[in-house]
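Below: one structure, written as structure tokens.
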Amino acid sequence: MQNLQRLSSLVKYQAIALQDSRTLWHRAIILDAEANLSNVCVYFVDIGHKERILINNIYELPIEFESKPAFSIPCCLYNVCPIDGNERSIWKLDDKVYDEFIRLMVNTVNCTVCSK
């Protein structure tokens, strides 16, 4: 993506293009435009996570990418709980299954184990 313009002003919920530390381009939405002048909180539309980024990495999103649907879809594993728990159990970060799930998902799916 060449000739992208850096944004001079930031607006909450504005769609943007940004470049990460590996020089990969991403679509994102600005979540917190008032935080401070050096970085803002954004939501990565296609990988489904939030992060604080430096404003010098923010560019105008080309029009052809504005109407594309997001590649990430919020989801959960239905009716899955720890073996020693009950159906209301919540996964803990120190569960062995959590480690295995994350290991299997590396470079496949970007996911976060969370609770209700």
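Give me the tail of P(r) for the stretch 15-66 as a percent: Cα-Cα pairs with distance above 17 Å. Result for the distance tail: 26 percent. Which net charge results for the neighbourhood of Y59, defined as the other residues with beta-carbon distances under 12 angstrom from its beta-carbon, given Lys and Arg at +1 and Asp and Glu at -1? With Lys, Arg at +1 and Asp, Glu at -1, the net is +1. Listed peptides 16-23, 61-68 appear in the order 16-23, 61-68 once ranked by packing, highest mean of other Cβ atoms within 10 Å at the front.
For the listed peptides 51-59, 39-47, 5-13, a ranking on the average number of other beta carbons within 10 Å per residue, highest first, reads 39-47, 51-59, 5-13. Taking amide H atoms as placed 1.01 Å from N in the peptide plane, the amide H of V45 lies under 5 Å from those of R27, A28, I29, each 5 or more residues away in sequence or on another chain. Gain on full extension, evaluated as 0.36 nm per residue between I63 and A33 minus their Cα-Cα distance, stands at 8.7 nm.
Any read-out appearing in this document is the output of simple, stated calculations on the displayed coordinates, not a laboratory observation. Everything numeric in this text was worked out from a predicted model, so none of it was measured. Glycine gets a Cβ as well: all are built from the backbone with ideal geometry, and neighbour counts include every protein chain shown.
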